[in-house]
Amino acid sequence: MLVDSHCHLEYEGLAERQSEALDSARQVGVGAFLNISTRRSEWDRVVATANRHADVWASIGIHPHEADAHDDLGKGTLLAATEDARVIGIGETGLDYHYNKSEHDTQQRLFRMHIEVARATQLPLIIHTRDAEEDTLAIIADEMDKGAFPALIHCFTASADFARKVLALGLSISISGIVTFKNAKDLQAIAANLPQDRLLVETDSPFLAPVPHRGKPCEPAFVRSTADYLAALRDESFDDLAEATSDNFYKLFGKAVR
């Protein structure tokens with residue numbers, strides 16, 4: 001069994017064919033899905049989808065691109081949303097300086113607020129970081145000093161040094177279909193050597209379709225292609241990688257039930 005640890009089932013390209021996409025994934029051995037929110041307006045839909053499907057779980061948070069639009073979001077609102085039984089994670093949250101769609105200060109403040117909620121609830125924090133390694137690492141390390149919280153870096157594309165440092169802080173790392181791309185040599189070298197007990201896989205659907213599905217909208221079934229590639233890259237059997245990454249998901253997201 002595989003777990004798609006990060007997908008956006010409410011996004012255009014998947015929302016219109018949710019049930020079909022989920023069934024296709026189940027047919028290739030995907031046994032669970034974490035449906036990720038990126039803005040407040042999605043929360044109710046993300047949780048409703050999780051309530052309709054026993055193998056779908058929900059995460060509640062604000063993407064850094066959406067930070068400016070949620071500048072007035074209070075900690076209490078986020079904390080209250082985590083009380084639903086189907087909500088097993090916080091995020092995605094973090095820092096993205098590539099497109100600068102939100103002010104850096106606002107991104108950082110909301111990132112820290114998400115961390116506070118993750119620390120209070122011990123629900124894992126799902127971290128997005130792009131072109132912001134230094135600030136992301138500084139905030140994680142600073143907040144860890146205030147009290148530990150579970151977390152992972154999703155759709156990892158950062159440096160080997162960043163990987164070493166977040167692993168040392170206790171985080172896990174999730175690999176997406178980017179690892180299959182021809183120009184992803186650095187990521188491939190990192191993924192080949194990640195500790196097996198900190199590794200997860202994801203699609204980030206409907207984005208980043210892996211080879212051999214490039215050019216198509218990504219969907220949860222395609223996590224099988226990423227896992228196949230990753231197993232070969234790491235010189236592991238597919239079954240071993242699938243078992244390890246699924247076990248890691250359930251250990252990290254302890255509120256989820258197999």
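Brief remarks follow.
- Applying a DSSP loop filter and a limit of 14 other Cβ atoms within 10 Å to the GluC sites (Glu not before Pro) in the range 67-138 leaves GLU83, GLU103.
- Normalised by 2.2 N^0.38 Å, where N counts its residues, the alpha-carbon radius of gyration of the chain equals 0.92.
- Stretchable slack from HIS104 to GLU16, in nm (0.36 nm times residue separation minus alpha-carbon distance): 28.3 nm
- Principal axis dimensions, the range 1-154 - Cα atoms, whole angstrom, descending: 43, 31, 27
- What the phi angles of the range 238-255 give under the Karplus curve with 6.51, -1.76 and 1.60, with θ = phi - 60°, is a coupling list of 4, 4, 5, 5, 4, 5, 5, 5, 5, 4, 4, 4, 6, 5, 6, 9, x, 7 Hz, glycine and proline written as x.
- Backbone N within the range 154-171 under 16 Å of label point (7 Å from ASN183 Cα along the Cβ vector): 157-158
- Cross-link check: pairs LYS182/LYS255; LYS101/LYS185; LYS75/LYS182; LYS146/LYS182; LYS165/LYS255; LYS101/LYS251 evaluated at a Cα-Cα cut-off of 32 Å; pairs beyond the cut-off: LYS182/LYS255; LYS75/LYS182; LYS146/LYS182; LYS101/LYS251.
- Cα gyration tensor shape of the range 173-258, rounded if a/c is under 1.5, else prolate or oblate by comparing a/b with b/c: oblate
Values quoted throughout were computed directly from the atomic coordinates according to the rules given, and no laboratory measurement underlies them. All values derive from a computational prediction rather than experimental measurement. No Cβ is skipped: glycine too gets one built from the backbone with ideal geometry, and neighbour counts run over all protein chains shown.
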